[in-house]
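A.B. asks: One structure, as structure tokens, below. Some questions next.
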Amino acid sequence: MAASVLQRFKLGETAPIPVDRIAKGLGAVVRYSALDNELSGMIFIKDGTPIIGVNALHHINRQRFTIAHECGHLELHRDLLSNEVHVDKDFSVPVLLNRDNQSSLGTEPIEVQANRFAAALLVPLPLLQKILHGRLASADIDDESPLDELARKFRVSKSMMEYRLKSVSATK
Ligand SMILES: [Zn+2]
């Protein structure tokens, strides 16, 4: 689903992915406001227009993840949003993406789905693979830890990049 969204907007060839543009492209209005620290964001539909609320006090990478997560709800769970405001509290990327922890945290499947969507949107595997391949072909091969550099390039957290790098190696 994330890949088809990227394709629709002709994005995914370069990092970082302009997630705010994608939200707009999906017809959503993104509002940034100072929220309580444990609140990451929310989404609701007002008069047919999806409104995405983002905690402006959070780190920019986290705001980007929140927008991508809410876009996931919009694409995957729109029917569930028609009557309610969906509020996302403190979601921890590495925990929620980890299948093993799901049950112990009582994580809702739709949250896991929205997180996976966000991961695929923010760090498309074909692009990550292309960049990794380019690195191997260049003198960068001496660089032992590409994690920071890649996280910076894609403007995502290190834990998100770690997760995506694992996904890349899993597809090999
Ligand atoms: Zn959510």
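No value in this document is a laboratory result; all are computed from the given coordinates. Not measured: the values here are computed from a predicted model. Heads up, the Cβs are rebuilt from the backbone with ideal geometry, glycines too, and the neighbour counts pull from every protein chain shown.
A.B. asks: If I model a spin label at SER167 and SER33 as a point 7 Å from the Cα along the Cα→Cβ vector, what separation in nanometres do I get?
C.D. replies: 3.1
A.B. asks: Here is a further query. Return the Rg/Rh ratio of segment 37-87 with Cα-based radii and a Kirkwood Rh.
C.D. replies: 0.97
A.B. asks: Roughly what % of DSSP beta bridges within segment 6-76 run antiparallel, to the nearest 5? Please list the in-between numbers first.
C.D. replies: Numbers: 6 of 11 bridges.
Roughly 55 percent of the beta bridges in segment 6-76 run antiparallel, per DSSP.
A.B. asks: With only alpha-carbon pairs counted, each pair once and no self-pairs, how large is the Kirkwood hydrodynamic radius of segment 2-123 in angstroms?
C.D. replies: 14.4
A.B. asks: Around LEU35, with a cut-off of 15 angstrom between Cβ atoms, what is the net charge of the other residues, counting Lys and Arg +1 and Asp and Glu -1?
C.D. replies: Working: positive: ARG31, ARG62, LYS89; negative: ASP36, GLU38, GLU70, ASP88, ASP90.
Taking every other residue near LEU35 into account, the sum is -2.
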